[in-house]
Amino acid sequence: EASGKSLIASNCLYGAQLLDGWAVILDCENATNAEFMQKVSHLNLKRVLRYAPSSLERAFRQIHVTTKAIRDREAEMGRERKPIVIVFDSLTVPPCERELKENNLPMDFSVSDWKTIVGRHEQPGERAKVISAEMRKLQSMVVKEDVTVYIINQTRDKIGVMYGSPETTPGGNALKFYASLRIRTSAKKKIEHKSL
């Protein structure tokens, strides 16, 4: 919290705009602070494509659909390819699609209701499995279409750890494996501007 993740993200988007490129944000938290983003990076919010996907799978699908639409539009207009920067804020927030189906269960649901509506039982590591599958698809698209995807994640405390680091990142190890660059931010002390 308040460690500079959004600060870096908004400056990445601004960098794309400086190169006359495309700035896209997947705001899964519905918490984008437009005033903050403009203040820290001079980002032109009128030129930012913003989406609020309802599930983890839809967020990844949105990356593919948006990239294809942008590249098709550039080809139609006969323009050269411009940089695309997509900020995914944040990986931990959106539920899996299976979790959303649970909302359709009646108050006094039976096992057969569960199987019919939800489709299957919750599986251990479900989020990690979804992320792993989506990152495999994303990697080839990112290279082919020349896209930068900035994924924000948080750290969590492991329960009952006696040795090693007590911190972990949600979503399994796929993100660590596929990331070309990882940046860890942490808040130590806030810099305050004092007016004289």
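The values are calculated or read from the model by the stated rules, or taken from the named source; none is laboratory data. As the structure is a computational prediction, the values presented were derived from the model and not from experiment. Methodologically, a virtual Cβ is constructed for each residue, glycine included, from the backbone with ideal geometry; neighbour enumeration extends over all protein chains shown. Side chains included, ligands, DNA and RNA excluded: accessible areas come from the protein's heavy atoms. Shrake-Rupley method; radii C 1.70, N 1.55, O 1.52, S 1.80 Å.
Side notes on the structure shown:
- Here Ser112 meets each of (1) surrounded by fewer than 16 Cβ atoms within 10 Å (Cβ to Cβ); (2) within 27 Å of Glu29 (Cα to Cα); (3) at pLDDT below 90 with one exception, condition (2).
- Pairs with Cβ under 7 Å, 6+ apart, first in the range 81-97 and in contact (Cβ under 8 Å) with a residue 60 or more places away in the chain, second among the charged types (D, E, K, R) and in a strand (DSSP E or B): Asp89/Asp27
- Residues located in the range 77-92, provided they are open to solvent by less than 10 Å² (accessible area, probe 1.4 Å) and assigned to a strand (DSSP E or B): Ile84, Ile86, Val87, Phe88
- So Leu19, is it open to solvent by 30 Å² or more (accessible area, probe 1.4 Å) and at pLDDT 90 or above: yes
Residues checked against (1) part of a loop (DSSP other than H, G, I, E, B); (2) in contact with a strand residue (DSSP E or B) (Cβ under 8 Å, 6 or more places away or on another chain); (3) basic (Lys, Arg):
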residue: Gln38; (1), (2), (3): no, no, no
residue: Ser54; (1), (2), (3): yes, no, no
residue: Gln62; (1), (2), (3): no, yes, no
residue: Val65; (1), (2), (3): no, no, no
residue: Asp72; (1), (2), (3): no, no, no
residue: Ala75; (1), (2), (3): no, no, no
residue: Pro106; (1), (2), (3): yes, no, no
residue: Phe109; (1), (2), (3): yes, no, no
residue: Ser112; (1), (2), (3): no, no, no
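- In the set Ala69, Ala52, only one residue is out of contact with any helix residue (DSSP H, G or I) (no Cβ under 7 Å at 6 or more places or on another chain) and either at pLDDT 95 or above or open to solvent by 60 Å² or more (accessible area, probe 1.4 Å) (or both); that residue is Ala69.
- Cβ separations smaller than 6 Å between residues 6+ apart or across chains give the following pairs from the range 53-70 residues that are over 11 Å from Leu26 (Cα atoms) to residues that are open to solvent by 50 Å² or more (accessible area, probe 1.4 Å) and not in a helix (DSSP H, G or I): Ile70/Trp22.
- Members of the range 74-106 that are at pLDDT 80 or above and over 24 Å from the mean Cα position of the chain (by Cα): Glu74, Ala75, Glu76, Met77, Gly78, Arg79, Glu80
- Yes/no for Val143 being open to solvent by 80 Å² or more (accessible area, probe 1.4 Å) and outside any loop (DSSP other than H, G, I, E, B): yes
- Residues that are surrounded by fewer than 18 Cβ atoms within 10 Å (Cβ to Cβ), among the small types (Gly, Ala, Ser) and more than 12 Å from the chain's Cα centre (by Cα) occur in the range 29-45; there is at least one.
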